[in-house]
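What follows draws every value from the coordinates through simple rules; no lab data is involved. Since the model is a prediction, treat every value here as computed from it, not as a measurement. For neighbour counting, all protein chains shown are included, and Cβ atoms are generated from backbone atoms with ideal geometry for every residue, glycine included.
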Amino acid sequence: MPLKPFIDYLLLEKNYSALTVNAYQKDLEAFSEFIKTVYDTKIIKDVNYSQIRSWIVHMVEKGLSNRSINRKVSALNTYYKFLLKTRDINHNPLSKHKALKTSKKVQVPFSESEITTVLDDLNFDDDFESIRNKLIIEIFYSTGIRRIELVELSLASVDIDNKMLKVLGKRNKERVVPLLDSVVRTINKYLISRNKLEGITDVNSLFLTKKGFKIYETLVYRIINEYFSEASTKVKKSPHILRHSFATHLLNQGADLNAVKELLGHSSLAATQVYTHNSIAELKKVHIQAHPRSKK
């Protein structure tokens, strides 16, 4: 069965992002190539679990991480579920498959002082790129949006009068996030500088390169890494760590978990709860310092 109906299903019915769909397609093509080489067939729907298992073993032997393997098998499982839905198969060979064990990644957020150092103590010049870079950091930390969400922001996403930001999240779900006064001021400053660019190709995009093209994900990563390398010794310095810091600092200050969930654009509370371990650590610290019997 060709993959196009499945790709259309992911894009149109499931509202998956183009990046996710592209990853699914590559994983299925890799599996198809494997079964063609090993079993002389490219018909995925006729494959049994033992053949899938040999693919998993092959990936383990190649040195792929359990997390990567689980993601690839998940793509294949989603395809089989689609085939069940379209009645092209009557049994999912992965129905009883158990994912490989993975170690939980501990994401260490930036401290409030590290973020203060970057935003208040580092020198940002008045040129276009410096103003843009500061705004990127401020939006990440004040809204908690994802890197791809920031890249996809348009001029129409910003409502300066109402101090709101419209964000298009996963599966094309739109949410509205409030903007701090300090961020609005930087936005205004950035827009003035943006309007002075000689030529703008991507006229609707909020964040641009100095040549007038829409900003891209690897550049955003480099910007965050560069500035936070001057203020933090943490191994990982990425936009996701800023998102993690946003959620952790809100929870540490007593923000409601459901409110943080909405701000982050999570579909379930379970996804937001991964950030509470830092809050619990903060609560323990306060408890020990403040409780009358803690020193007895």
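Note the listed values (i) 0.99; (ii) 1.21; (iii) 1.08, then indicate which one is Cα Rg over 2.2 N^0.38 Å calculated from this particular structure. Answer label, from the structure shown: (ii). Applying Stokes-Einstein at 20 °C and 1.002 mPa s to the Kirkwood radius of the range 54-100, computed over alpha-carbon pairs, gives a translational diffusion coefficient of 188 µm² s⁻¹.
By the rule of a C-alpha distance below 18 Å, with chain neighbours fewer than 8 residues away ignored, the aspartates and glutamates paired with residue 85 are 8, 13, 46. Where a ≥ b ≥ c are the square roots of the eigenvalues of the C-alpha gyration tensor, would you call the range 112-288 rounded, which needs a/c under 1.5, or, failing that, prolate if a/b is larger than b/c, or oblate? Verdict is prolate for the range 112-288. When the listed pairs 72/166; 26/81; 166/261 are checked against a 22 Å cut-off, the alpha-carbon distance exceeds it for 72/166.
Between the alpha-carbon centres of the range 200-257 and the range 87-144 there is a gap of 7 Å. Pairs of alpha-carbon atoms within less than 8 angstrom and 6+ residues apart define the contacts here; what relative contact order does the range 4-85 have, in percent? Relative contact order, the range 4-85: 31 percent. Straight-distance candidates among the aspartates and glutamates for linking to residue 96, with alpha-carbon spacing under 16 Å and chain neighbours fewer than 8 residues away dropped, are absent. What angle do you read, to the nearest 10 degrees and between 0 and 90, between the alpha-carbon axis of helix 128-143 and the longest principal axis of the chain? Approximately 70 degrees, to the nearest ten.
The shape of the range 44-169 comes out prolate: with a ≥ b ≥ c from the C-alpha gyration tensor, a/c is at least 1.5 and a/b beats b/c. Relative to its residue count, the range 4-85 spans a Cα convex hull of 91 Å³ per residue. Relative contact order for the chain: 16 percent, from Cα pairs under 8 Å spaced at least 6 residues apart, divided by residue count.
Kindly provide the helix-only [θ] at 222 nm of the chain, computed as the sum of -39,500 (n - 2.57) over DSSP H runs of four or more divided by all residues, to the nearest 500 deg cm²/dmol? Calculated from helices alone, the mean residue ellipticity at 222 nm is -16000 deg cm²/dmol.
Charge tally around residue 124: other residues with Cβ under 11 Å, Lys/Arg +1 each, Asp/Glu -1 each, net -4.
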